[in-house]
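Q: Take this structure, written in structure tokens, and hold onto it; I'll ask about it next.
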Amino acid sequence: MLILLGVSVVYLLFEWSFNAFLVDQVYSFDQDVNFRNIEVRGRILAATGFSLLLVKAILPRLSLGPRRMFLALCAVAVGFPFAYFGQKALVEHLVNRTTAQERLEAQYLMLLKRGLSGGALQLEGLDFDKDEIKQVSVKTFVASIGFMTFFSPDFAHRLRSQVDVVLEAVANHEAHKAQPKVFDEYLDLQAKIRDYFDDYVNAMQEREDEIAKAENNAQEDWQEYYKKLGEQYQEQRELSAKYKLDLITSEFIDKFAIYQEKLLKCNGKSCDEFHAEYKKAIQEYFDRDIDPEYWCVDGGTRTVIERQGFVNVEREVPLSPVCDPLPFDHVQNKIIEMIGAAQDWGAFVTNQAVIDKAREKLGEEGLIMPEAWRVDDKDAFMSAYMNKATIEIDDAVQDKMREKFDATLGFDLNADSFIADPELQKRIKKEFGLEDSDPDLKLNMDARQILDDYLLPKAREKARDDKQKLDATAESFADGQENEKQGKVFVRVLLIPPVAMLFSLFFSAANLIEVIAGLTKFNPRISPTLRHGFQGVLILGLLMLPVLNPSPITQKASYQYFYDQTAETLSPMISYASRWMITAQPILYPVGKAASLVVDRIAPIELRKKELIQGDKDA
């Protein structure tokens, strides 16, 4: 007797905990829920409760001994599978008898339940407000709505005509439900973005420091360059004085003319002797070897007419260089070009030979001078130096930012411009589970903005997509393939919770009465007749509970509407069962919540749900 009492208490703890779980999750049940765990646990618990009642009904009529134990085991062996598979057969029968249209309407009824969980949903026959939705009796009523209205074509048709209102309520519910979690994720992302911006500010400060350092280096390099330029000018001034340019120019012209005359007199003989004399003279004058043609003047071209077929064609023919006589200015310029000599600073800094040589040397260092440039132009030097340095600094900074942010960002951005950068937006949207087409994330958004800008639009889009998908596949819900299986899932989600809740309440209440009655056996002053009478009163009170202590919700027009629909479509008995469940649930729910504190530590039930903002990819 004590063993049976202990088993009953353990069973009641699990049953009540399971019952409270069904109430708490009534708005969460949809096609994404792992219903197998719920079905199996519900059947096991109900079958256990039924078996215990069967054993308690048999044992008092038997005397102690092996036969009593054997019959008790037989009762369990028969009662447990009967109740377990009986529940399964009942649900399968209800599911398999549905048509494709009913499977589609099951989805609309699921949307109705989800819409109710979001707060005020104004439909004909439903007038619950936000506070009432949280009540246990209302949750129980909502759980039973699916069963009560599923076989009512009139209500299903009316619901379908108002599906847009339901979808809006569903979207609001889903968005508000996800808001706290998603906003916490946004705050985490916001802290990360602030860290990003701090890193960006530090990178910009390092860039400014490097540019300032480059400006100092540019000043130092200019001073060094200008010093060398002055030294070059002095050297060339000395060369110019040394050569006495005008005198040397005249002498050189005379000697070069003699050299040209001697070449003409060679007349096919060896001219090596004259070339040697020229080379010796050049070495004396300029201390270097110079090709004789260096001094000659470009001969230009002349136009000739040639006969090509029947046509005369003009053609430009280059003429031989003119090496005698040589113009004075031409020779002097050639000497200046060769030695870089200049008579004053202005002539020196504008001398093309000096400019070309300086441009070439600076170009080797990566400094590109402008077209019209003087070698003493400090502004042009500084600009070229800083252009080169800034490009190198910016490339190094961009490499660091690409490594850090996976984005190429502009310089000197404020916080708003920083987060608005398209490449950075692409990255943080990906981290936040958004699409590139979603509105840009801002740095200081509040929970309301997250709700209005992201959660509500996504929830509404998902609700519309679900509806369109269902409308498109409604006819295939009876195709005998995957779509039919999906359609049956909608029906199971609709019917299993109220059926499981009803069996859970009934068997737990019946076993509780048996436990209470069993406890009276320990008091010898209570006769069996009195005990059975007490037990009968409890059973009668349990069955008459909706009459003796009606739930306030059963007095509302909302409930009466569905009650009448169920009584007309199915039977008055099923309508009464739903009324009994709505009345009994608030009484046992607190006990179930207390029991779940223990049971959830031993055998918790988990739902597999998809995240709203992440989409199906994370399910």
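The values are calculated or read from the model by the stated rules, or taken from the named source; none is laboratory data. Predicted, not measured: the structure shown is a model, and the values here were computed from it. Using ideal geometry, Cβ is built from the backbone for each residue, glycine included, and neighbour counts are taken over all protein chains shown. Keep in mind that these areas ignore ligands, DNA and RNA; they rest on the heavy atoms of the full protein, side chains included. Shrake-Rupley method; radii C 1.70, N 1.55, O 1.52, S 1.80 Å.
Q: Testing Asp453 on (1) more than 34 Å from the chain's Cα centre (by Cα); (2) at pLDDT 85 or above, one condition comes back false. Which one is that?
A: In the conditions (1) more than 34 Å from the chain's Cα centre (by Cα); (2) at pLDDT 85 or above, Asp453 misses (1) alone.
Q: Which residues, taken from segment 566-619, are part of a loop (DSSP other than H, G, I, E, B) and modelled with pLDDT of 75 or more?
A: Ala603, Pro604
Q: I would also like to ask the following. Condition first: among the hydrophobic types (A, V, I, L, M, F, W, C) and farther than 17 Å from Tyr259 by Cα. Now tell me which residues in segment 287-305 satisfy that.
A: Within segment 287-305, Val304, Ile305 qualify.
Q: Scan segment 169-192 and tell me whether some residue there is of a type in the set (Phe, Trp, Tyr) and modelled with pLDDT under 65.
A: no
Q: Another question about this same structure. For segment 287-300, check the following and say yes or no: at least one residue is modelled with pLDDT under 75, in contact with a Phe, Trp or Tyr (Cβ under 7 Å, 6 or more places away or on another chain) and of a type in the set (Phe, Trp, Tyr).
A: no
Q: Hey, another quick one. Hey, could you check segment 305-358 for residues that are in contact (Cβ under 8 Å) with a residue 24 or more places away in the chain and aromatic (Phe, Trp, Tyr) and say which is nearest to Glu251 (Cα to Cα)?
A: Phe328
Q: Identify, please: which residue in segment 172-212 is acidic (Asp, Glu) and more than 22 Å from Asp395 (Cβ to Cβ) and is, among those, most open to solvent (accessible area, probe 1.4 Å)?
A: My answer is Asp188.
Q: Of everything in segment 376-424, what is surrounded by 15 or more Cβ atoms within 10 Å (Cβ to Cβ), in a helix (DSSP H, G or I) and without any contact (Cβ under 8 Å) to a residue 12 or more places away in the chain? Give them in sequence order.
A: Ala380, Ser383, Gln398
Q: A follow-up question, please. From Leu441, Leu470, Leu542, grab the single residue that is at pLDDT 80 or above and at negative phi.
A: Among Leu441, Leu470, Leu542, only Leu441 is at pLDDT 80 or above and at negative phi.
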